[in-house]
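Beneath this line is the structure, given in structure tokens, with notes to follow.
The values are calculated or read from the model by the stated rules, or taken from the named source; none is laboratory data. Since this is a predicted model, take the numbers as computed values, not measurements. Here the Cβ is made from the backbone with ideal geometry for all residues, glycine too, and neighbour counts use every protein chain on show. Heavy atoms of the whole protein, side chains included, go into the accessibility calculation; ligands, DNA and RNA do not. Shrake-Rupley method; radii C 1.70, N 1.55, O 1.52, S 1.80 Å.
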Amino acid sequence: MSNGKRRFALVLGTLVLALIIAGAYIVFSSPFLSGGKPSTIAHFTPVSFEARAASPFFYSIGNDLKYSDEIDPRAPTLVSGFIKDYLVAPNGQLIAVVVNGALVIVDSEKHAVRTITKVDSIYREPKPIGTPFYRDDNFQWSRDSRALYIIKDEFYESKGSQLFSSKGELWRYDLETGHLQLVLKSFPAYTYFFGREPGVYFSVPTEKGDLHLQYFDGINVNDVEGSFAATIPVRSLQKTFLESPFFSFSIFAYQDHELRSHQAALVSAQSDPNQDFRIGSKTYVSFTRGEGLKGEYYCSELLRSVFLPGNRYFLLNTPYCENFNGQLLIDTESGKYKTLPSDTRVYVTLNTNANPDYRITAGGMAYE
């Protein structure tokens, strides 16, 4: 066989293998496509209605990020690309997003986008050993929305991920000057929160593998007294003044706290094969039980399911339903629901300013 034919056969074989792997991923990652009985939205009766939230918010349709007080495909696109991670600023008008391999800040009022830096993942394999990079997660807004903090790192050989990196550094991007500035080196942490400026609290591991809390006052780093406790009272953070902590939580905290506090839940009962989405005691939509290669399943999920500002409208994620694959928007007052454009996501960020139900631990901030 000639070299040309060998190369063609190799390319063709690689392509076929890639298609087989992709097909297997689709089949086994989706309960609906895995055979058996599909899950559906029971008595599926969507209607059309206007749904304006109490205030504007960030959302995306497909790869297009937008900002409006309603989910409107015609709203201007602020930035386009797959959004890997995000954090809405405390003022609600800015959002930091990881898109197209870079960390950018989007200004909803000015319709402006500024690129902060290219970013990479600590979970990248294989690692380009010795290469410095800014992390694509664990960034934090300052309380006044005037600065964004990010972690700089360097790839090195490690057992597992380099979450608590010996190469870590904390940097601050100032929106007014447009400059990145070093805050603290070294910074062997991934979770941190702020006190009164310029104070930063961060969790670091001990030699035994435990976590404890440290404090950087802008000049020196010291251990926080009682930092190994399961809960650290705010009054214990400082001896000379009462601290005022600030932290922005991830989307997982939203699911754990905000949905729970509003009693929004997917409820299944042994006596009923259907699953109900309820807020309090009221059922808004039900789902039939499906059966696939992975066993029984339902085609709804609470991850990325959120209230729009004002809490009247609720976006419910229904990614695997046979009769509708996407998201529903529920009017909690009328009980009606409508379908949304494919792959609609709403971006909300809880922080300690608006949600004081938090506790401080050796591992950082946690919700009660």
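Data overview
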item	result
Extreme residue, modelled with the lowest pLDDT, among residues of region 33-77 that are of a type in the set (D, E, K, R) and open to solvent by 30 Å² or more (accessible area, probe 1.4 Å)	37
Residue match in region 337-353 (condition: under 20 Å from residue 265 (Cα atoms), touching a Lys or Arg at 6+ places or on another chain (Cβ under 8 Å) and open to solvent by 20 Å² or more (accessible area, probe 1.4 Å))	yes
Flag if residue 324 is more than 30 Å from residue 141 (Cβ to Cβ) and not in a loop (DSSP other than H, G, I, E, B)	no
Enumerated strands (runs of 3 or more DSSP E) restricted to region 124-194, each holding at least 1 residues that are surrounded by fewer than 13 Cβ atoms within 10 Å (Cβ to Cβ) and out of contact with any Gly (no Cβ under 9 Å at 6 or more places or on another chain)	132-135, 179-185
Near pairs, Cβ below 8 angstrom, 6+ apart or cross-chain, from region 68-88 (in a strand (DSSP E or B)) to any residue that is open to solvent by less than 20 Å² (accessible area, probe 1.4 Å) and of a type in the set (S, T, N, Q)	83/60; 87/140; 87/248; 88/248
Qualifying residue in region 318-325 (condition: within 15 Å of residue 254 (Cα to Cα), surrounded by 15 or more Cβ atoms within 10 Å (Cβ to Cβ) and either in contact (Cβ under 8 Å) with a residue 12 or more places away in the chain or in contact with a helix residue (DSSP H, G or I) (Cβ under 8 Å, 6 or more places away or on another chain) (or both))	no
Selected residue (only one of 185, 159 is within 25 Å of residue 211 (Cα to Cα) and at pLDDT 95 or above)	185
Residues located in region 354-367, provided they are touching a strand residue (DSSP E or B) at 6+ places or on another chain (Cβ under 9 Å), surrounded by fewer than 19 Cβ atoms within 10 Å (Cβ to Cβ) and over 18 Å from residue 251 (Cβ atoms)	359, 361, 363
Flag for residue 11 being touching a helix residue (DSSP H, G or I) at 6+ places or on another chain (Cβ under 6 Å), exposed (fewer than 15 other Cβ atoms within 10 Å of the Cβ) and either among the hydroxyl-bearing types (Ser, Thr, Tyr) or modelled with pLDDT under 95 (or both)	no
Matching residues in region 326-337 - criterion: being touching a residue at least 40 places away in the same chain (Cβ under 8 Å) and either farther than 19 Å from residue 57 by Cα or touching an Asp or Glu at 6+ places or on another chain (Cβ under 7 Å) (or both)	334, 335, 336, 337
